1. Looking only at residues that are part of a strand (DSSP E or B) and polar (S, T, N, Q) in segment 91-115, which one is surrounded by the most Cβ atoms within 10 Å (Cβ to Cβ)?
2. Mind counting the residues in segment 52-63 that are at pLDDT 95 or above and either surrounded by 15 or more Cβ atoms within 10 Å (Cβ to Cβ) or of a type in the set (A, V, I, L, M, F, W, C) (or both)?
3. Give me a count of the residues in segment 64-79 that are within 17 Å of Val5 (Cα to Cα) and surrounded by 14 or more Cβ atoms within 10 Å (Cβ to Cβ).
4. Of all residues being part of a strand (DSSP E or B), more than 11 Å from the chain's Cα centre (by Cα) and polar (S, T, N, Q) in segment 1-38, which is modelled with the highest pLDDT? Just the residue, please.
5. Output the residues belonging to segment 58-83 that are part of a strand (DSSP E or B) and either over 12 Å from the mean Cα position of the chain (by Cα) or among the polar types (S, T, N, Q) (or both).
6. Looking at Leu18, Leu47, which is the one that is exposed (fewer than 15 other Cβ atoms within 10 Å of the Cβ) and more than 17 Å from Asn73 (Cα to Cα)?
7. So, in segment 95-115, of the ones that are among the small types (Gly, Ala, Ser) and over 24 Å from Val12 (Cα atoms), which residue ends up modelled with the lowest pLDDT?
8. State all residues of segment 52-77 that are in contact with a strand residue (DSSP E or B) (Cβ under 7 Å, 6 or more places away or on another chain), closer than 16 Å to Cys22 by Cβ and of a type outside the set (D, E, K, R); if no residue qualifies, say none.
Amino acid sequence: QVQLVESGGGLVQPGGSLRLSCAASGNIGSIYAMGWYRQAPGKQRELVAGITIGGRVNYADSVQGRFTISRTNPKNTLYLQMNSLKPEDTAVYYCNAQLPIGNYWGQGTQVIVSS
């Protein structure tokens, strides 16, 4: 089992930056991929960025070039650096960890981009 705790959300003006963090604990040795997802009001949860155990990353088209995912080794902290934020980035952001036995989620952190 893995526990995930996100932090770093908040209110930011358009064009601003935020860095989200996700602290993982528990059976982190079994994690083979991690990612950030987001869910805006009335919309489905979507993948924002992912990173594999080998360090391969992928991004949603909407955040490519603006967001950067990274993690510490061992795999106990995941980050999402968000630059050039737009109002459409407003959502609850969730940390995800994939293990052979299933997916684990954090509780989410709210990001609001507004002037």
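1. Ranking the qualifying residues of segment 91-115, first place goes to Thr109.
2. The number of residues fulfilling the criteria is 4.
3. Count: 8.
4. If we take residues in segment 1-38 being part of a strand (DSSP E or B), more than 11 Å from the chain's Cα centre (by Cα) and polar (S, T, N, Q), then Gln3 is modelled with the highest pLDDT.
5. Passing the criteria: Asn58, Thr68, Ser70, Thr77, Gln81.
6. Going through Leu18, Leu47 in turn, just one is exposed (fewer than 15 other Cβ atoms within 10 Å of the Cβ) and more than 17 Å from Asn73 (Cα to Cα): Leu47.
7. Selected residue: Gly102.
8. Thr52, Ile53, Val57, Phe67, Thr68, Ile69, Ser70, Asn76, Thr77
The values are calculated or read from the model by the stated rules, or taken from the named source; none is laboratory data. Fair warning: this is a prediction, and the values are worked out from it, not measured in the lab. Counting neighbours? That spans all protein chains shown, and the Cβs are built from the backbone with ideal geometry, glycine included.
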